[in-house]
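Notes follow the structure.
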Amino acid sequence: MALECKHVWDYISEFLDDSLPAEIKEQVQKHLENCEICSAILDSTRNILILTADDRVFELPAGYSERLHARLAREIRASNSRRPEKPRQDQD
Amino acid sequence: MSVAHARPMERDEAQMIAAILAGDSDLYHRLIQPYEFSVYRMALSFVKNEAEAEDVAQEAFLRAFRDLGNFRGESKFSTWLVSIALNEARRRLRRQNTVRMESLDEPPEEGGKVSPALLRDWREIPSEALERRELRALLQKAIEELSPIYREVFVLRDIEELSIEETASALSISISSVKVRLHRARIMLQKDLAPKLKLASPKKGRWLSWH
Ligand SMILES: [Zn+2]
């Protein structure tokens, strides 16, 4: 039984995750071999997922790490001074 | 992303956490280092600008530090951290009142279909092929335009790369809901982005396309 395009579209996500049952996966694959529209949908979706997951597209703001660790250091210092069993030299 | 992405797998995070809880608090700096980028990236998917995303990320790391004693080790530290960051982002959105009611957002037919953009052929677009700033703006806008229930699933699964099960548990929804929402999110993104990406301006002379 051949799949129609619109049924193939329902399987795109699971096809990409390789989580379709074997028989359906095979039918989808067969359809893709003969349908350039569905192949283009699959390829473009996959491509978009790769782009959105590509860390190189996004970058950290300059100084992000320094600011984060400085803030954490303040928090850690404050929590240490609340911790009497572990006295620090810099305690006041 | 070389430094920030040092493989966390080779580290014994459970041991680091135990040491931190036993008083070696400074170790927390090292514990979170591999996740600085991913928590920021996640925050950026929810809020409108970089400054806010940084703020949300900082809050998430602080909260995780304060709550570290509640981490039970049933999930990976990274998964736990992601759900804290998610909550922080939600809190921020709620405070801004920018979250619309989900019921209004949700397409009328829950089981209804989302149709993809129909294109005749697709040549893979590597991220280097496009101007980075333009690509970033396109992706960010498209993700931002997803309604919250789809965006959350997409971000956890396809950006933070949680498993379907981890995504379900972080969002307290069923596995089948994750699959349905993920499918719809991906197709909506394809529909929105595929035509735009095909027309996006390639880097000088590197990429001539559209047929
Ligand atoms: Zn087809």
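The values are calculated or read from the model by the stated rules, or taken from the named source; none is laboratory data. Everything quoted here is computed from the prediction, not taken from an experiment. Because the Cβ atoms are built from the backbone with ideal geometry, glycine has one as well, and the counts that use them run over all protein chains shown. Please note that ligands, DNA and RNA were not included when accessible areas were found on the heavy atoms of the full protein model with its side chains. Shrake-Rupley method; radii C 1.70, N 1.55, O 1.52, S 1.80 Å.
So with the 1.4 Å probe, I'd like the accessible area per residue for the stretch B:10-96, rounded to whole Å².
Numbers: 3750 Å² over 87 residues.
Result: 43 Å² of accessible area for each residue.
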*Looking at this model, which pairs from B:LYS48/B:LYS191; B:LYS76/B:LYS141; A:LYS25/B:LYS113; B:LYS141/B:LYS179; B:LYS76/B:LYS191 are more than 27 angstrom apart at the alpha-carbon?*
B:LYS76/B:LYS141; B:LYS76/B:LYS191
*Once you put a point 7 Å from the Cα of A:GLU59 and another 7 Å from the Cα of B:GLU161, both along the Cβ direction, what distance in nm separates them?*
2.2
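Suppose R0 equals 22 Å. What FRET efficiency, 1/(1 + (r/R0)^6) with r the Cβ-Cβ distance, do A:GLU66 and B:ARG63 give to the nearest 0.05?
0.65
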*Using the alpha-carbon centroid of each, what span in Å lies between the stretch B:29-60 and the stretch A:1-42?*
36
*Note down the relative contact order for chain A as a percent, whole number, built from C-alpha pairs under 8 angstrom at least six residues apart.*
18
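Using DSSP to define loop residues, name the GluC sites (Glu not before Pro) in the stretch B:9-78 whose beta-carbon has at most 16 other beta-carbon atoms within 10 Å. Can you show the working numbers first?
Values: sites: B:GLU10, B:GLU13, B:GLU36, B:GLU50, B:GLU52, B:GLU54, B:GLU59, B:GLU74; in loops: B:GLU74.
Listed in order of number, the matching sites are B:GLU74.
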*Could you go through the stretch B:144-161 in sequence order and give the Karplus-derived ³J(HN,Hα) for each residue, using 6.51 cos²θ - 1.76 cosθ + 1.60 with θ = phi - 60°, rounded to whole Hz, and x for Gly and Pro?*
4, 7, 5, 6, x, 5, 7, 4, 4, 5, 4, 5, 5, 7, 9, 9, 7, 6
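Please give the average number of partner chain Cβ atoms lying within 10 Å of the Cβ of each residue in B:138-146, rounded to a whole number.
Numbers: counts 3, 6, 3, 0, 2, 1, 0, 0, 0.
Mean inter-chain Cβ contacts per residue within 10 Å come to 2.
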_With +1 on the Cβ of every Lys and Arg and -1 on the Cβ of every Asp and Glu, and nothing else charged, how large is the dipole of the stretch B:110-208 about its Cα centre, in debye rounded to the nearest 20?_
580
*So what J values fall out for the stretch A:66-76 if you push phi through Karplus, 6.51 cos²θ - 1.76 cosθ + 1.60 with θ = phi - 60°, rounded to Hz, Gly and Pro as x?*
4, 5, 4, 5, 5, 5, 4, 4, 4, 5, 5
*Can you give the calculated 222 nm mean residue ellipticity of chain A, where each DSSP H run of n ≥ 4 adds -39,500 (n - 2.57) and the sum is split over every residue, rounded to the nearest 500 deg cm²/dmol?*
-22000 deg cm²/dmol
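In the stretch B:151-190, which GluC sites (Glu not before Pro) are in a loop and have at most 14 other Cβ atoms within 10 Å, using DSSP for the loop call? Each step should come with its number before you reach the end.
Values: sites: B:GLU152, B:GLU160, B:GLU161, B:GLU165, B:GLU166; in loops: B:GLU160, B:GLU161.
Listed in order of number, the matching sites are B:GLU161.
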*Nearest 10 degrees, 0 to 90: what angle lies between the long axis of helix A:5-16 and the longest principal axis of chain A (Cα atoms)?*
40
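Tell me, what is the FRET efficiency for B:GLN96 and B:SER176 to the nearest 0.05, using R0 = 25 angstrom and their Cβ-Cβ distance as r? List each step's numbers first, then the result.
Numbers: r = 31 Å, r/R0 = 1.25.
For B:GLN96 and B:SER176, the calculated efficiency is 0.20.
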*Given H placed 1.01 Å from N in the peptide plane, which residues other than close sequence neighbours of B:LEU119 have an amide H under 5 Å from its amide H?*
A:ILE41
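Please give the charge dipole size of the stretch B:10-96, origin at the Cα centre, charges +1 on K and R Cβ atoms and -1 on D and E Cβ atoms. Round to the nearest 20 debye. Provide the component values of the computation, followed by the final result.
On the way: 13 positive and 14 negative charges, 101 e Å.
So the magnitude is around 480 debye.
Enter the buried accessible area of the A/B pair, total of both sides, probe 1.4 Å, in Å² rounded to the nearest 100.
Values: alone 7950 and 13010 Å², together 15970 Å².
Result for this pair: about 5000 Å² buried.
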*Looking at chain A, which longest stretch skips every one of the GluC sites (Glu not before Pro) that is in a DSSP loop with at most 14 other Cβ atoms within 10 Å, leaving the sites themselves out?*
A:5-84
*What list of ³J(HN,Hα) couplings, whole Hz, do you get for the stretch A:26-32 from phi and the Karplus terms 6.51, -1.76, 1.60, once you set θ to phi - 60° and write x for glycine and proline?*
5, 5, 5, 4, 4, 4, 4
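Just tell me how shielded A:33-45 is by partners: mean number of partner chain Cβ atoms within 10 Å of each residue's Cβ, no decimals.
Numbers: counts 0, 0, 0, 4, 5, 2, 4, 9, 10, 3, 6, 16, 10.
Per-residue shielding by partner chains comes out at 5.
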